[in-house]
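Here's the structure we're looking at; comments come further down.
What follows draws every value from the coordinates through simple rules; no lab data is involved. It should be emphasised that the depicted structure is a prediction, and the values quoted were computed from it without experimental measurement. Cβ placement follows ideal geometry from the backbone for every residue including glycine, while neighbour counts extend to all protein chains displayed.
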Amino acid sequence: GQNIDQPTEMTATEGAIVQINCTYQTSGFNGLFWYQQHAGEAPTFLSYNVLDGLEEKGRFSSFLSRSKGYSYLLLKELQMKDSASYLCAVRDPDGGYQKVTFGTGTKLQVIP
Amino acid sequence: DAEITQSPRHKITETGRQVTLACHQTWNHNNMFWYRQDLGHGLRLIHYSYGVQDTNKGEVSDGYSVSRSNTEDLPLTLESAASSQTSVYFCASSESGNQPQHFGDGTRLSIL
């Protein structure tokens, strides 16, 4: 089985930078996804990491350390529309890594 | 544009009734998934399929079934609805494990 941990809630100020952490324990690792989910909507894909290091995509960046079982999502220049839940998902070795296990998500509130 | 659609978007039913939720994707993806999302639990996998005639149980499969007769559709059936199955249900599809999942808009199911 897999164990994925994320903080439940975070609050940050508009214009600031926030880092959302995800730690995982798994019998095998082959990639980690980050999704954004606004309240009442479906999750949408943000990033995918399979190798160590930082992947930058506009205001959003994602980092992975396989040796530490750790990833984070970095959101810069926060906007009110970034208020959402952020889901970390790790590819599941059971069944050939075709499915993922989701963390419970981090609800981010951006305040003025 | 390719898409994944779920129906109905909202449903209210009574305990003991059989309920079927539809999921249809035009991505031509082999992988399809059903999740339920509840407060405090995040997205939990109910059933999944890697192709026509292939179905597999996820972590919360009791009381649910699926069938895959073609590439486009993966209907989810609740054999005898229980109040504990009140939830938001998401269907998703992916091309492969290293590609992101595309989610439908969800079905909010209430069982009274």
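Measuring gaps between exposed loop sites in chain B (trypsin sites (Lys or Arg not before Pro); DSSP loop; at most 12 other Cβ atoms within 10 Å), the longest gap, sites not included, is B:18-112. Residues B:32, A:80 in ascending order of nearby Cβ atoms (within 10 Å, fewest first): A:80, B:32. Using the alpha carbons alone, the radius of gyration of the stretch B:48-112 stands to its Kirkwood radius in an Rg to Rh ratio of 0.97.
Compactness of the protein assembly as shown, taken as the C-alpha radius of gyration over 2.2 N^0.38 Å, stands at 1.02. Note on the stretch B:1-101: dipole from Cβ charges, positive end direction compared against B:2, B:33, B:16; the farthest Cα belongs to B:16. About its Cα centre, the dipole of the protein assembly as shown is roughly 220 debye, where the only charges are +1 on Lys and Arg Cβ and -1 on Asp and Glu Cβ. Of the residues A:86, A:39, A:98, the one whose Cα sits farthest towards the positive end of the charge dipole of the stretch A:1-104 is A:98 (charges of +1 on Lys and Arg Cβ, -1 on Asp and Glu Cβ, taken about the Cα centre).
With R₀ set to 30 Å, the beta-carbon distance separating residue B:69 from residue A:5 gives a calculated FRET efficiency near 0.20. Phi angles across the stretch B:22-36 convert, under the Karplus curve 6.51 cos²θ - 1.76 cosθ + 1.60 with θ = phi - 60°, into 3J(HN,Hα) values of 9, 9, 9, 10, 10, 7, 6, 7, 6, 8, 9, 9, 10, 10, 10 Hz, Gly and Pro given as x. In chain B, the inverse of the mean reciprocal separation of distinct Cα atoms equals 13.9 Å; this is its Kirkwood hydrodynamic radius.
What FRET efficiency, computed as 1/(1 + (r/R0)^6) with R0 = 35 Å and r the Cβ-Cβ distance, is obtained for residue A:74 and residue B:39, rounded to the nearest 0.05?
0.85
On a straight-distance basis, which aspartates and glutamates could pair with residue A:57 in a cross-link, Cα separation under 14 angstrom, same-chain partners fewer than 8 positions away excluded? Counting by Cα, and skipping residues close in sequence, residue A:57 has these aspartates and glutamates nearby: A:77. Both numbers refer to the Cα atoms of chain A; Rg and Dmax are 13.6, 45 Å.
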